[in-house]
Amino acid sequence: MAANQETAAAVKNVEQYKYGFVTDIESDMAPKGLSEDIVRFISAKKGEPEWMLEWRLKAYRYWLTLADEEPTWAKLIYPKIDYQASYYYAAPKQKLASMDEVDPKLLETYKKLGIPLAEQAILAGVAVDAVFDSVSVATTYKKKLEEMGVIFKPISEAVHSHPELVKKYLGSVVPYTDNFYATLNCAVFTDGSFVYIPKGLRCPMELSTYFRINEKNTGQFERTLIVADEGSYVSYLEGCTAPQRDENQLHAAVVELIALDDAEIKYSTVQNWYPGDADGRGGIYNFVTKRGACRGKNSKIMWTQVETGSAITWKYPSCILQGDNSVGEFYSVAITNNRQQADTGTKMIHLGANTRSKIISKGISAGHADNTYRGLVRIGAKADKSRNYTQCDSLLIGDKCGAHTVPYIESRNPSAVTEHEATTSKISDDQLFYCLQRGMTQEEAVSLIVNGFCKEVLQTLPMEFAVEAQKLVSISLEGSVG
Amino acid sequence: MALLEIKNLHASVAGKEILKGVTLALEPGEVHAIMGPNGTGKSTLSNVIAGREGYEVTKGQVLLDGEDVLAMAADERARAGIFLAFQYPVEIPGVTTSAFLKTALNAKRRAAGEKEIDAMEFMKLVKKKTEALGMPYDMIKRALNVGFSGGEKKRAEVLQMTMLEPRVAILDETDSGLDIDALRVVSDGVNSLRAPDRAFLVITHYQRLLDYIVPDHVHVLANGRIAASGGKELALELEAEGYAKYLNAAA
């Protein structure tokens, strides 16, 4: 619990969003707006092969047909997005070969974020593929991983170095026709990570990427693809922070995971995009499509997310449980404060026999925020003896926020068992007074109680992430009581 | 100077006056018992001293070492050394007793300008305290008060008290819901904390607790006032004769 106290001390110093600063790096930008030319521009900037460009264009043309199909079913209220008012490409000018060449300003930015890149990699044994705006600027630990046969690199490089793998798996879980935002991503994605874990290898280090939006008005379209070959294991960490500004920023990432026979992927996210100010001005619009396919038998995919940022969160990390005996797990903490809105949950699609899924969702609402869990558990006709367990807990702080739970269960197999439990509670005055009477401040008390509420989820995070997440939980709820 | 001084304290809840002029002085090292029938303001008194919301002090003073307690927020009072052992300890799901204790202890240490306790030192301290109280060490790994029996909850209160080493400890009906064995354990814990620079305010409905925690002074709280004060024999008298005569006298 030391983290809690550290947090409380930190919270006192944090008046504004901690990461609200803009690094001044000259950007190489595409003109504003979206058109076939822009798609071609992005592809050309990356020096992409023809097949990649064709795929993008296919997606772009399809996206045009979706103009009236921007999803409206989520419990989210925001002004209509003008897709022609955004920039779709911005990248730091210099191409860098090693950490030494990284712009000192950029390193300074990471320092402010508390991410001493090189040191962290060495100390924590974490290989970091740092995404700054849209282009990866540094990849560490590359060599060691390479020796083991792990491919961990910017997807823009993988397109060139491993076209057969990218071609085979890109869009195989989230096709370019999937949904409005995913389709947009297919057309204009700029960069992201590609990971391949060879057969039988248990990747000995956590793979990590830090995303950061920097250029004003730049939509972020990250694309991540992780393939775990037979019998392999990988744990991947994703963390986000973003600088402060007034305009809303669109973020529409796509993450695809593929687990073959007996493979396991653990994907952890701490999302802390700028949430907007107390009155709801500014903040990131986060429309993310994350999906994993347990394609092989006995495979396993586990999503853990801690969502504290963004003005709007639209996100449903899902599992398609195709292989027999495959397992999907989803652990989520979603915190909304002030005017934030989150509509988040998961889909567990059971196709194979004896497939199992588990959903643990913890939603915390404070201020005037709205927090919705939306989940689908679908049991297919062939998913004999499949099981799902779902638990959705909501915690309310104050009396002006909202918590909503929208679980869908569709079962087409009588031998399957699904369980759903849901609770909604408030931090009681009794709990607060009890903590205060032991000498804790309001903020420490709320932090302690909320961290307790989220514990089941936070403890699934890798150690160093768990500590960061605890701090975030506290910082996110700053000023929510009293 | 008295350690805790309550002067002509008037307090109301939702516009209804419950305390109607309570005056009491606790000298360092003393144990005072407050007895009285239900609904006479015993719990109101402890809540007002501890600073719980929902109570309006309309008149009077509470001083700790001469400092104005009523001007402090609840958490400041706690850090200044006022400890309330709750009649109904609150469950904090997902928060281990150990984590709770450490957070509380560090809040106090920071306020005193001391360094936060490190993990090793903390473990040693908890081990020592639980052993002294005859409590299983494993208890601190459980979520605070969640699924605890009545006795365990009260023991956890005493453990917190021994860790935080308050100046003034208020025990609010600590004996309620305890069997005789638990009562003994809890009382032993309290007695081990008796010290020349510490005072206790023991609020109870029954005399039984005072067989174990022997008070220096006993007061009868009736109709919002101290109706009588005496030595420990007063408790026995109350046990035999009941509160009727104080209620009638005060009414």
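The values are calculated or read from the model by the stated rules, or taken from the named source; none is laboratory data. Treat the numbers as computed from the prediction; the structure is a model and nothing was measured. With ideal geometry, Cβ positions are generated from the backbone for all residues, glycine too; neighbour counts draw on all protein chains shown.
Some points to look at:
- Meets criteria (within 14 Å of chain B (Cβ to nearest Cβ), surrounded by fewer than 23 Cβ atoms within 10 Å (Cβ to Cβ), more than 15 Å from residue B:53 (Cα to Cα) and out of contact with any Cys (no Cβ under 6 Å at 6 or more places or on another chain)) for residue A:400: no
- Every condition in (1) facing chain A (nearest Cβ under 9 Å); (2) surrounded by fewer than 22 Cβ atoms within 10 Å (Cβ to Cβ) is met by residue B:67 except one, and the failing one is (1).
- Scan segment A:166-217 for residues that are assigned to a loop (DSSP other than H, G, I, E, B), at pLDDT 95 or above and of a type in the set (Lys, Arg) and the total you get is 1.
- Among residues of segment B:9-27, those that are over 26 Å from residue B:237 (Cα atoms) and surrounded by fewer than 20 Cβ atoms within 10 Å (Cβ to Cβ), counted: 7
- For residue A:417, the conditions (1) within 14 Å of chain B (Cβ to nearest Cβ); (2) touching a strand residue (DSSP E or B) at 6+ places or on another chain (Cβ under 8 Å); (3) over 30 Å from residue B:69 (Cβ atoms) are fulfilled apart from (1).
- Residue B:174 part of a helix (DSSP H, G or I) and under 20 Å from the mean Cα position of the chain (by Cα): no
- Residues that are more than 14 Å from chain A (Cβ to nearest Cβ) and either surrounded by fewer than 21 Cβ atoms within 10 Å (Cβ to Cβ) or on the phi > 0 side of the Ramachandran plot (or both) within segment B:148-162 comprise B:149, B:150, B:151, B:152, listed in sequence order.
- Residue list for segment A:288-319, filter: of a type in the set (Val, Ile, Thr) and either surrounded by fewer than 24 Cβ atoms within 10 Å (Cβ to Cβ) or over 17 Å from residue A:229 (Cα atoms) (or both): A:288, A:289, A:304, A:306, A:308, A:312, A:313
- Leading residue by the ranking (modelled with the lowest pLDDT) among those in segment B:168-187 that are of a type outside the set (A, V, I, L, M) and over 14 Å from residue B:206 (Cβ atoms): B:181
- Selection status of residue A:391, within 14 Å of chain B (Cβ to nearest Cβ), out of contact with any Pro (no Cβ under 8 Å at 6 or more places or on another chain) and more than 30 Å from residue B:72 (Cα to Cα): yes
- Answer residue from segment A:39-75, given it is surrounded by 14 or more Cβ atoms within 10 Å (Cβ to Cβ) and either small (Gly, Ala, Ser) or modelled with pLDDT under 90 (or both) and is farthest from residue A:166 (Cα to Cα) among those: A:74
- The one condition in (1) at pLDDT below 85; (2) surrounded by fewer than 24 Cβ atoms within 10 Å (Cβ to Cβ); (3) closer than 30 Å to residue A:450 by Cα that residue A:271 fails to fulfil: (2)
- Restricting attention to segment A:444-482, the residues being under 25 Å from residue A:274 (Cβ atoms) and either aliphatic (A, V, I, L, M) or in the same structural domain as residue A:363 (by TED's automatic domain parsing) (or both) number 13.
- Flag set for residue B:77, criterion: within 13 Å of chain A (Cβ to nearest Cβ), surrounded by 17 or more Cβ atoms within 10 Å (Cβ to Cβ), basic (Lys, Arg) and in contact with a Gly (Cβ under 7 Å, 6 or more places away or on another chain).
- One residue stands out in segment A:433-482 among those that are within 11 Å of chain B (Cβ to nearest Cβ) and among the acidic types (Asp, Glu): the one that is surrounded by the most Cβ atoms within 10 Å (Cβ to Cβ), namely A:444.
- Matching residues, segment B:83-104, being more than 8 Å from every other protein chain (Cβ to nearest Cβ), of a type in the set (A, V, I, L, M) and in contact with a Lys or Arg (Cβ under 7 Å, 6 or more places away or on another chain): none
- Test set (1) within 12 Å of chain A (Cβ to nearest Cβ); (2) at pLDDT below 90 - residue B:122 fails condition number: (2)
For every residue, the table says whether it meets (1) surrounded by fewer than 14 Cβ atoms within 10 Å (Cβ to Cβ); (2) farther than 20 Å from residue B:23 by Cβ; (3) of a type in the set (D, E, K, R).
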| residue | (1), (2), (3) |
| --- | --- |
| B:164 | no, yes, no |
| B:173 | no, yes, yes |
| B:180 | yes, yes, no |
| B:186 | no, yes, no |
| B:193 | no, yes, no |
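- From the options A:355, A:372, residue that is touching a strand residue (DSSP E or B) at 6+ places or on another chain (Cβ under 7 Å), farther than 30 Å from residue A:324 by Cβ and either among the acidic types (Asp, Glu) or away from chain B (no Cβ under 14 Å) (or both): A:372
- Taking the criterion of being surrounded by fewer than 21 Cβ atoms within 10 Å (Cβ to Cβ) and within 14 Å of chain A (Cβ to nearest Cβ), the residues of segment B:47-63 that qualify are B:52, B:53, B:54, B:55.
- Filtered residues of segment B:105-119 (kept if in a loop (DSSP other than H, G, I, E, B), of a type outside the set (A, V, I, L, M, F, W, C) and at the interface with chain A (Cβ under 10 Å from one of its Cβ atoms)): B:116, B:118
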